[in-house]
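Data block below; observations after.
The values are calculated or read from the model by the stated rules, or taken from the named source; none is laboratory data. Just so it is clear, the structure is predicted and the values come from calculations on it, not from any experiment. Cβ: placed from backbone, ideal geometry, glycine included. Neighbour counts: every protein chain shown. Remember, those area values only see protein heavy atoms, side chains included, never the ligands or the DNA or RNA. Shrake-Rupley method; radii C 1.70, N 1.55, O 1.52, S 1.80 Å.
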Amino acid sequence: MTVTAGIDVGSGAVKVVLMRCEEGSEQLLSKVSARIRRRHVPAVIEETFDATVAAAGVETIDYIGTTGEGEEVPFATGHFYGMTTHARGGLFLAPEARAVLDVGALHSRAVLMDERGKVLSYKMTSQCASGSGQFLENIARYLGVSAAEVGELSRSAAAPEKVSSICAVLAETDVINMVSRGISTADILRGIHESMAFRFARLLRSVGAEGVALVTGGLAQDSGLRAALQDALDADLPGAAGGAKRPRRAREAKPLEIKAHPDSIFAGAIGAAIWGAFRYTRLDLGAPAWRSGMTAASASSQFAS
Amino acid sequence: MTEQTGQTEQAQQAQQARERIVGWARERYEDLSFGHARRWCEEFQAKAIGHLPVYAPREIIDAAGMLPVGILGGGDQLEIIRGDAFYQSYICHLPRSVIELGQSGRLDFLSGVLFPSTCDVIRNLSGMWQVLHPEVYVRYVDLPQSDDRAIAQRFWEGELRVLMRDLGRVAGLAGPVSDDALRASIARYNDVRRVINELYNLRREMPWTVPTEELYLLLRAGEVVPPELFIEKTRAYLEAARATPDRVRDRVRVVVTGAFCEQPPLGLLKTIERAGCYIVDDDLLVGNRLLVGEVETEGDPVAALARAFVERARETSVIYEGDVDGKRTLLKRRAEAAGADGVVFAAPSFCDPALLDRPMLKAGAEAHGIPCIAFKYAENSAQFQQFREQAGTFADAIKLWGGQ
């Protein structure tokens, strides 16, 4: 039995989990996330780690795995790349999923994986911000809507207003024009969601996703985005309206069900923790990375040097 | 004072010493005007001779009482304005930035420049230099490229003797560089190679002790300072590094190959290591350790230098390799010697020697079950996200799936 920590350092938030892993079964012991806002990132990481450890009440941690921007976390045992951890974390949260759509604050990516969590293919959005959580957060702020309200409002839209699907800057200008034209907030939000969903659907199709795809990252809980994404994917299917006029690849699209999990935001951290357990066993490290009484700052190396 | 407090203070002092040495090296790496080399020439009333990658016999320059200066381009710190006018878009970046350095007067303290036979572009650059800088000594240094060792030895001895004569004249000596001076210089450069090998050995054994960024900065400084100073600083660094190892990380061990001429930006080396790799062997600035083992300091020093090159030169893409199997197994041997898990082919865009060799080297490595990735850079590459992505997924594939 190993106890491992996963630390996912995103551009908007730090997510930390503790997991217990034993002979192919994994259990989530504790989880804490914290927005970075304008704080010193290393301090946020340490605080979040210490809070997660306190919540789990464990005596030792065998491996501390990082992901995201966490390469330089000084007390980490090892680092895993985002595709790898979201695939494994996604599989833990939804064992039937064979693809993950990670929508973070700055980037989005689609990952295709097999039943072991091995990454088979992946694709990221380019540097354009219009496929990111930060973009949606900015729009919500312009509209005076809290992040929690966005999904429900979007789903109540009666006549979604189309916005630029190419550029966040143009889309923001579109939104200002819509507000001045008296378009309802719900219709604007749905338009934004549809624009993002169009891009995400293309990402998922481009990696060859089919079956079930789990949305992870900060926007996973946005039910409006998920609904728009499901609609965009369904519209690709043969037999859907306008299907015959679509490009061949789209006409060959297979059904893809979009799911989310209440812990979707922790998928990267969960993946880092599970892969950390795998590495701990494979390397036969023996010594733990952290013992009760230590803080994050005093966690020591367990490798014989 | 308790024993523990004493140890902490010692560690702090070692850390400060390490930071000072790395800072010293970084200053020389970033100084595109070669201020330190210029000052050395003024102080000792001596001249300096530049040379391009990959290998130049620095011993002869040193023996003539001049400072050998490695010219490795402007990296990511130099805006190319004039250099682009000299080269087509399908030529690598190094000659552009070397032209830029020359045309902007940054190399005007050099009394001569050696152009080793690295590739056609360097050969072409030597011709340009003769036209653009008629006031300085320019020599295209033909390295021996023959399977017949006797012929290669005779040819290379002849070339070295020409350099002895010419550089003696440039230095203002009464005649060619003397054998005694060359023997003394060979002994100094034996020490240089020894200390570089020590640095590489320490990184191979404990890569968390010697980050490649620091190793590389030291090697770059070694290209523009006298050998004695490089040896002194590197020995001090080794002592400080052993006393201040970083935390050991769960990373994969990789060999980086293909970066022997145009140098990668420092950010690329940092990116590879940050992404989950320990670089445990490389061919960065390989000219400084091209001669394997000690060069004899007894007998005819020219013959000794030539013999060392012909018989014991490290295998690199700029020296003809007649044995196809030797090339196919090269990376297997290097990976085994370094205890590496995989190979990162990092070559400059449009680098003929590196990119022409790559398919055979890569196929050879993969045939021996060694995972490989390949990417291309330019010395002024500024975006590292794609390298980070590739190196990160490569490291994960090795850690979790054995590179499959």
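Taking only the C-alpha atoms of the stretch A:41-153, Rg followed by Dmax gives 16.8, 47 Å. Backbone geometry of the stretch B:121-138 corresponds, through the Karplus equation with coefficients 6.51, -1.76 and 1.60 at θ = phi - 60°, to 3J(HN,Hα) couplings of 5, 5, 4, 4, 5, 5, x, 4, 5, 4, 6, 6, 10, x, 7, 10, 6, 10 Hz, x marking Gly and Pro.
Under 15 Å of direct C-alpha separation, and excluding same-chain neighbours fewer than eight residues apart, residue A:259 reaches these aspartates and glutamates: A:96, A:102, A:210, A:222, A:231, A:234. The phi-based Karplus calculation (6.51 cos²θ - 1.76 cosθ + 1.60; θ = phi - 60°) puts the 3J(HN,Hα) values of the stretch A:132-141 at 10, x, 4, 4, 5, 5, 4, 4, 4, 5 Hz, whole numbers, x for Gly and Pro. Considering only alpha-carbon pairs that sit under 8 angstrom and 6 or more positions apart, the relative contact order computed for the stretch B:44-126 is 37 percent.
Summarising the strand pairing of chain A, around 65 percent of its internal DSSP beta bridges are antiparallel. Dividing the alpha-carbon radius of gyration of the protein assembly as shown by the rule-of-thumb value 2.2 N^0.38 Å gives 1.11.
Placing +1 on the Cβ of every Lys and Arg and -1 on the Cβ of every Asp and Glu, with nothing else charged, gives the stretch B:46-177 a dipole about its Cα centre of roughly 300 debye. Of the trypsin sites (Lys or Arg not before Pro) in the stretch A:33-115, the ones in a loop by DSSP (not H, G, I, E or B) with at most 12 other beta carbons within 10 Å are A:37, A:38, A:39. Magnitude of the charge dipole for chain B, about its Cα centre and with charges confined to Cβ atoms of Lys, Arg (+1) and Asp, Glu (-1), is about 380 debye. Taken per residue, the accessible surface of chain A reaches 43 Å², heavy atoms only and a 1.4 Å probe. Among the chymotrypsin sites (Phe, Trp or Tyr not before Pro) in the stretch B:62-162, those located in a DSSP loop and surrounded by at most 13 other Cβ atoms within 10 Å of their own Cβ are B:90. Remark: the stretch B:46-177 carries 39 Å² of accessible area per residue (probe radius 1.4 Å; ligands, DNA and RNA excluded).
Evaluated at q = 0.22, 0.23 Å⁻¹, the base-10 log of the normalised Debye intensity for the stretch B:142-270, with identical point scatterers placed on the Cα atoms, takes the values -1.30, -1.34. Dividing the helix sum by the residues of chain B, where each DSSP H run of 4 or more adds -39500 (n - 2.57), gives a mean residue ellipticity at 222 nm of -17500 deg cm²/dmol.
Around residue B:207, what is the net charge, scoring Lys/Arg as +1 and Asp/Glu as -1 over all other residues with Cβ under 11 Å from its Cβ? Charge balance in the 11 Å sphere: +1.
The 3J(HN,Hα) values that the Karplus relation (6.51, -1.76, 1.60; θ = phi - 60°) gives for the stretch B:175-190 are, in residue order, x, x, 4, 7, 4, 5, 5, 5, 4, 5, 5, 4, 4, 4, 6, 4 Hz. Gly and Pro appear as x.
Shielding by partners for peptide A:77-88, expressed as the average number of C-beta atoms from other protein chains within 10 Å of each residue's C-beta, is 5. Per residue, chain A reaches -12000 deg cm²/dmol at 222 nm when only DSSP H runs of four or more residues are counted, each adding -39500 (n - 2.57).
Simple point charges give the picture: +1 on the Cβ of Lys and Arg, -1 on the Cβ of Asp and Glu, and for chain A a dipole about the Cα centre of about 880 debye. What's the Kirkwood radius of the stretch B:295-370 in Å, using all Cα pairs? Every distinct Cα pair counted, the radius reaches 14.2 Å. The mean of 1/r over all pairs of different alpha-carbon atoms in chain B, once inverted, gives a Kirkwood hydrodynamic radius of 21.9 Å.
Accessible area buried by the pairing of B and A, both sides summed with a 1.4 Å probe, works out to roughly 2400 Å².
Residues whose amide H falls under 5 Å from that of residue A:216, counting only those 5 or more places apart or on a different chain, are A:101, A:102, A:103, with hydrogens built in the peptide plane. Pairs from the table (A:31/B:270; A:31/A:123; A:123/A:254; A:118/B:270; A:15/A:123) lying more than 20 angstrom apart at Cα are A:31/B:270; A:31/A:123; A:118/B:270; A:15/A:123. Using C-alpha pairs below 8 Å separated by at least 6 residues, the relative contact order for chain A is 25 percent. Have a look at B:341, B:300, B:357 and tell me which one the Gaussian network model of chain B (Cα, springs below 10 Å) gives the largest fluctuation. Highest fluctuation among the options: B:300. The GluC sites (Glu not before Pro) of the stretch B:83-170 that meet both conditions, a loop assignment by DSSP and at most 11 other Cβ atoms within 10 Å of the site Cβ, are B:135. In summary, the aspartates and glutamates within cross-link reach of residue B:47, defined as a Cα separation below 18 angstrom excluding same-chain residues under 8 places away, comprise B:59, B:62, B:108, B:135, B:166, B:223, B:228.
How large is log10 I(q)/I(0) at q = 0.10, 0.18 Å⁻¹ when the Debye formula is applied to the Cα atoms of the stretch B:46-177, each weighted equally and without solvent? Reported log10 I(q)/I(0), two decimals: -0.33, -0.99. For chain A, the equivalent ellipsoid derived from the Cα gyration tensor has semi-axes of 37, 22, 14 Å, listed largest first. Proximity of backbone amide H atoms, modeled 1.01 Å from N, is registered between residue B:141 and B:115, B:117 at under 5 Å, excluding neighbours fewer than 5 places apart on the same chain. Place +1 on the Cβ of every Lys and Arg and -1 on the Cβ of every Asp and Glu in the protein assembly as shown, take the dipole about the Cα centre, and give the residue among A:286, B:351, B:330 whose Cα lies farthest towards its positive end. Going by the charge dipole, the pick is B:351.
Per-peptide packing, taken as the mean over residues of other Cβ atoms within 10 Å, places B:343-351, B:361-369 in the sequence B:343-351, B:361-369 from highest down. For a straight C-alpha distance cut-off of 12 angstrom, the aspartates and glutamates reachable from residue B:399 (same-chain residues fewer than eight places away being disregarded) are B:250, B:341.
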